[in-house]
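Each remark here refers to the structure printed beneath this line.
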Amino acid sequence: MSNSGTPHPTHTTPAFPTIPLSTQERARLAKIRYVMTDLDGTMLTGASAVQNSSKLPSTQLIKTLVDLRNAGIEVVPVSGRNRAMTFEDARILSFRAWIAEMGGLICTKSGSQPEWTYFTGDMPYKHTSLKTPHDLICETGIVDELIARYPGKLETYHDNYVGFEYREVSVALRGSVEASEVQAILDSCSLPLYLADNGLVKRINGSTTLKGITMEHPQGIHTYHIMPHGLTKGSGIAQFAKLMHIEKDQMLAAGDSPADCEMADFVGTFLFMKNGFEHDDAYAELAKHDNAFVSNLPSTDGWCEAMQTLLAARA
C-alpha cells in the first residue's frame, strides 16, 4: 500500500491508497461489504452531513453514501452517542443497522420494527431486568464519587442537551483528568468498569461546571465514557458481526480517536482520520495494528476519498 503522506516523522502507518490501485490493494478492498464508522470527526464534520471538512456547504458525503448504497456496501455507524441520537442519524441517512454507546447498544435491523440488544462485555447483566446497565452503574455511587473527587474538572456529559441519564449502557463524562487516577477509583467499584477516552471536545454545548475554559474553543477537554469492562467499539463490532454472520475481512472500520484504534483488532482494515493526530496518544495506539491506514485528508473529505477508493476496487 502507499506509504506517502505520513503525519508524523516517526510514525509509519501507511496512507490509505488512492486511485489507481495496485493488484494487492484492489484485492484487499474488494472484499469489504461493511463500513463500521465513527461519526463526529470521522464521517461528519461539525455533526453535519451537508458540509465538507472546511465546514463549507457540500453534498459530497450524501453522494458518497448513495454510491456506497448502490454498490451494496453497508455503512454502519459505531458511535458513542445514545440511542435517540444514533437512531435519528440512521433514520435520516437510511442506515439499516447501527451501534450506539461505544458498542453497548447494537441494532441489527432498523426501521419500524427494529431488532436490538444490549452488550455489556464482562459486566453481568440480565436482559429480563427492568433496569438498564447505565442504571446499575449509577446505583453503585461511582459517578457521584468521581464528580466530587474532581470539582470543576469533570462533569456528566449531556448529549446535545439530552441528560446523561438517558443513556442506557455507558455513562458519559467530559473534562480533563488523569485517566490512570480515575481508573484506580473505578477499580474499587463493585462492577467491572473502565474509563474510555473518546477524543477531544471541539465545542461545549449547554451549561458547564468545568472551570477555566471557553465554550467555543475548549482546550484539552475530553469526552470520557464509563464502560463495562470488556465493552469497546471493537468488541461491539465483533458482537454485531457474530449476530449478522459477517467475516472479519468483509469489514472496514473508521475512527478519529485513540479509543477508535481498538476497532482495528476486529476488522480486516482500519482507517484512521488524519485529524485524529491532534491527540498525542494516537501514535502509540496506531503502532499496535498492522492493518491500519491513515486518511490522506481530514474527517469528511478523507472519509469520502477513502470510500471512493473502496468503490473503485469493486469496479
> When the range 227-260 is examined, which residues are found to be assigned to a helix (DSSP H, G or I), at pLDDT 95 or above and hydrophobic (A, V, I, L, M, F, W, C)?
Replying inline: Ile237, Ala238, Phe240, Ala241, Leu243, Met244
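Residue-by-condition table, conditions (1) within 24 Å of Val50 (Cβ to Cβ); (2) in the same structural domain as Ala259 (by TED's automatic domain parsing):
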residue: Leu65; (1), (2): yes, yes
residue: Pro77; (1), (2): yes, yes
residue: Ile106; (1), (2): no, yes
residue: Glu139; (1), (2): no, no
>> Taking the condition of being in a strand (DSSP E or B) and either buried (at least 24 other Cβ atoms within 10 Å of the Cβ) or in contact with a Ser or Thr (Cβ under 9 Å, 6 or more places away or on another chain) (or both), how many residues in the range 104-113 meet it?
In response: 4
>> Looking only at the range 167-185, how many residues end up being crowded, with 20+ Cβ neighbours inside 10 Å and in contact with a helix residue (DSSP H, G or I) (Cβ under 8 Å, 6 or more places away or on another chain)?
In response: 7
>> Pull out all pairs, ordered by first then second residue, where Cβ-Cβ is under 6 Å, the residues are six or more apart or on different chains, the first lies in the range 190-207 and is without any contact (Cβ under 8 Å) to a residue 40 or more places away in the chain, and the second is small (Gly, Ala, Ser).
In response: Leu195/Ala179
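To keep it simple, each residue is scored yes or no on (1) modelled with pLDDT of 95 or more; (2) surrounded by fewer than 14 Cβ atoms within 10 Å (Cβ to Cβ).
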{"residue": "Thr12", "(1), (2)": "no, yes"}
{"residue": "Ala15", "(1), (2)": "yes, no"}
{"residue": "Thr18", "(1), (2)": "yes, no"}
{"residue": "Arg26", "(1), (2)": "yes, no"}
{"residue": "Ala30", "(1), (2)": "yes, no"}
{"residue": "Met36", "(1), (2)": "yes, no"}
{"residue": "Ala47", "(1), (2)": "no, no"}
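This table checks each residue for (1) touching a residue at least 60 places away in the same chain (Cβ under 8 Å); (2) in contact with a Ser or Thr (Cβ under 9 Å, 6 or more places away or on another chain); (3) in the same structural domain as Glu139 (by TED's automatic domain parsing); (4) at positive phi.
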site	(1), (2), (3), (4)
Lys242	no, no, no, no
Ile246	yes, no, no, no
Leu252	yes, yes, no, no
Met263	yes, yes, no, no
Ala282	no, yes, no, no
Ala287	yes, yes, no, no
Asn291	no, yes, no, no
Thr300	yes, yes, no, no
Met307	yes, yes, no, no
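The values are calculated or read from the model by the stated rules, or taken from the named source; none is laboratory data. None of the values given here were measured: they were computed from a predicted structure. FYI the Cβ positions are ideal-geometry reconstructions off the backbone, even for glycines, and counts take in every protein chain you see.
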